[in-house]
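A short write-up of the structure that comes next.
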Amino acid sequence: MNHVPEKILVRGVNWLGDAVMTLPALQRLREGKPAAHITLLTHEKLAGLWENHSAIDAVQTFSSRENAWQVGRKLRSLNFQLALALPNSPRSAIELWAAGIPRRIGYRRPWRNVFLTQTVSQRAGAVEMKKRSVSEIRKLISGSRSPAVAHPDPAAHHIFQYLHLIEALGVKAEPMAPRIAISESELAAFGARLHAMAGSETRLWLGLNPGAEYGPAKRWPEERFIAAAVELHRHSKCGWLIFGANDPATRHIAGELGKKLGREALADLSGRTTLRELCVGLKFCNLVLTNDTGPMHVAAAVGTPVVVPFGSTSVELTGPGLPGGDDHIFLQSPTPCAPCFLRECPIDFRCMRSIDVQAVIGACQAILKRL
């Protein structure tokens with residue numbers, strides 16, 4: 001007698017960095033339900049992240065033009081028996097309800113519980129990323145109030161948020177680092193493309209990712225990225241690959257480095273890669289200097305060490321890799337108002353400005369010595 005595999009739909013998250021942090025949960029789900037057919041529902045912009053990933057069998061995408069009802073209707077004919085909502089949004093629960101999936105699981109939240117058949121309570125030790133108000137920030141820097149959360153426990157990291165959720169399916173959720181596999185053929189093709197662009201035989205390539213889609217509060221100053229890149233090139237004769245969006249700040253950095261380093265030591269890939277090509281390019285690097293943003297998580301997941309200046313966000317909650325590991329180096333200043341989780345700094349950006357160029361150069365050199 002043939003057994004029909006259980007059909008599971010996982011509604012993925014919408015941000016690149018968050019999507020990488022769901023990888024351990026998806027891998028454990030695959031291990032716990034090896035015979036199931038697992039489909040991931042994701043925004044089309046993130047589809048490349050899941051290309052040939054061992055944890056899932058199929059990908060369903062939606063666009064920004066589609067509403068929750070439209071997404072749900074197109075899923076109805078696929079006859080899923082079980083659905084898991086990784087985001088906490090009402091929309092994600094509505095999509096699963098509109099798809100007619102009989103068993104729908106997600107975290108308990110107002111305005112969406114009615115669309116789920118099983119709600120999961122928040123895990124012990126979870127810490128909310130609450131934005132600080134301007135008045136709270138001013139009190140903190142004046143010394144009249146202590147920070148509410150200085151250093152959360154490593155178990156507060158968001159990787160555990162997703163692992164805890166899959167336990168509702170009876171899956172053993174042991175922590176593991178996010179992993180994205182890159183093939184040798186992909187690396188060889190990228191190397192050929194790089195040679196055509198830079199025309200050099202550089203053996204040491206470092207990545208530079210100076211943007212941050214969330215907002216300027218997560219961006220180390222442009223002139224410091226430039227100064228660090230120039231100094232590291234002078235010491236190690238490395239080449240630099242520039243990643244991220246083709247925005248004005250990144251174009252400025254690429255232009256300045258082009259003048260200072262020359263064509264053979266620079267390849268500007270900003271805005272010129274698919275998501276899968278970004279994964280391959282980050283794997284090609286020996287090290288990536290980056291802000292706290294999606295490509296930071298991707299770099300760590302493909303196995304490339306990262307150096308990250310952290311300002312408005314929290315290493316303990318959303319740092320790359322497995323919490324507590326020593327593969328990467330994070331730089332934070334003891335600013336009382338950080339992390340504030342704001343998109344823009346309402347005062348003087350002291351959290352980032354107090355991380356100087358020499359500290360970043362030293363961190364990069366420390367990692368390069370390990371290689």
Open item on the list: The conditions are (1) farther than 30 Å from I347 by Cα; (2) touching a residue at least 24 places away in the same chain (Cβ under 8 Å); (3) part of a loop (DSSP other than H, G, I, E, B), and V127 fails exactly one of them. Which is it?
Closed with: (1)
Task: Qualifying positions in the stretch 256-276 - under 22 Å from M296 (Cα atoms) and surrounded by fewer than 17 Cβ atoms within 10 Å (Cβ to Cβ) - done: G271, R272, T274
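Okay, residues lined up against (1) surrounded by 20 or more Cβ atoms within 10 Å (Cβ to Cβ); (2) touching a Cys at 6+ places or on another chain (Cβ under 8 Å); (3) within 19 Å of A25 (Cβ to Cβ); (4) at pLDDT below 95:
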position: S63; (1), (2), (3), (4): no, no, no, no
position: E66; (1), (2), (3), (4): no, no, no, no
position: I94; (1), (2), (3), (4): yes, no, no, no
position: I101; (1), (2), (3), (4): yes, no, yes, no
- [ ] Evaluate the following for A85: is it without any contact (Cβ under 8 Å) to a residue 24 or more places away in the chain and buried (at least 21 other Cβ atoms within 10 Å of the Cβ)?
- [x] no
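To keep it simple, each residue is scored yes or no on (1) assigned to a strand (DSSP E or B); (2) within 24 Å of E128 (Cβ to Cβ); (3) among the acidic types (D, E); (4) not assigned by TED's automatic domain parsing to the domain that holds K283.
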position: V307; (1), (2), (3), (4): yes, no, no, no
position: S312; (1), (2), (3), (4): no, yes, no, no
position: D326; (1), (2), (3), (4): no, no, yes, no
position: P334; (1), (2), (3), (4): no, yes, no, no
position: C340; (1), (2), (3), (4): no, yes, no, no
- [ ] Among the residues of the stretch 218-231, write down those that are of a type in the set (A, V, I, L, M), surrounded by fewer than 23 Cβ atoms within 10 Å (Cβ to Cβ) and either touching a residue at least 40 places away in the same chain (Cβ under 8 Å) or not assigned by TED's automatic domain parsing to the domain that holds A245 (or both).
- [x] A227
TODO: Identify all residues within the stretch 162-201 that are touching a strand residue (DSSP E or B) at 6+ places or on another chain (Cβ under 9 Å) and under 20 Å from R103 (Cα atoms); write none if there are none.
DONE: H164, L165, I166, E167, A168, L169
Task: Boolean, G106 is of a type outside the set (S, T, Y) and surrounded by 15 or more Cβ atoms within 10 Å (Cβ to Cβ) - done: yes
- [ ] Could you run through the stretch 315-362 and say how many residues are under 16 Å from K139 (Cα atoms) and hydroxyl-bearing (S, T, Y)?
- [x] 1
TODO: Could you grab me the full set of residues in the stretch 98-110 that are assigned to a loop (DSSP other than H, G, I, E, B) and touching a residue at least 40 places away in the same chain (Cβ under 8 Å)?
DONE: A99, I101
Open item on the list: Quick check on this structure: which one of A245, A300 is out of contact with any Leu (no Cβ under 8 Å at 6 or more places or on another chain) and modelled with pLDDT of 95 or more?
Closed with: A300
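The values are calculated or read from the model by the stated rules, or taken from the named source; none is laboratory data. Quick caveat, the model's predicted, so the values are computed rather than measured. Here the Cβ is made from the backbone with ideal geometry for all residues, glycine too, and neighbour counts use every protein chain on show.
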